[in-house]
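Beneath this line is the structure, given in structure tokens, with notes to follow.
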């Protein structure tokens with residue numbers, strides 16, 4: 001989940017403040033509970049402290065299942081200690 005958030009921020013271009021016309025800085029991202037495929041990113045103006053929210057949709061290459069856990073095969077022979 002953290003990797004999804006990190007990747008989504010890398011692709012974003014920071015917005016400019018409508019009042020100051022300065023590039024805003026990123027300060028927070030979170031996955032939306034109501035829509036889990038969307039992430040909200042919050043940016044803040046360094047001079048006037050206004051906040052702007054951008055929403056992005058997570059891109060997935062198909063629904064992938066997590067890898068299966070593996071264990072050693074049992075051969076039917078018991079090992080004495």
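Can you say whether residue 17 is modelled with pLDDT of 85 or more and in contact with a strand residue (DSSP E or B) (Cβ under 9 Å, 6 or more places away or on another chain), as far as the supplied structure shows?
Answer is yes for this residue.
I'm checking my understanding of the structure. Among residues of segment 20-35 that are under 15 Å from the mean Cα position of the chain (by Cα) and within 19 Å of residue 10 (Cα to Cα), which one is surrounded by the most Cβ atoms within 10 Å (Cβ to Cβ)? Before the answer, list the steps.
So the first thing to find is which residues in segment 20-35 are under 15 Å from the mean Cα position of the chain (by Cα), and the list is 26-33, 35.
Cutting the leftovers down to within 19 Å of residue 10 (Cα to Cα) gives us 26-32.
Numbers: 26: 14, 27: 10, 28: 11, 29: 18, 30: 10, 31: 15, 32: 11.
The selected residue is 29.
The values are calculated or read from the model by the stated rules, or taken from the named source; none is laboratory data. This one's a predicted model, so the numbers in the text were calculated from it and none came from an experiment. For neighbour counting, all protein chains shown are included, and Cβ atoms are generated from backbone atoms with ideal geometry for every residue, glycine included.
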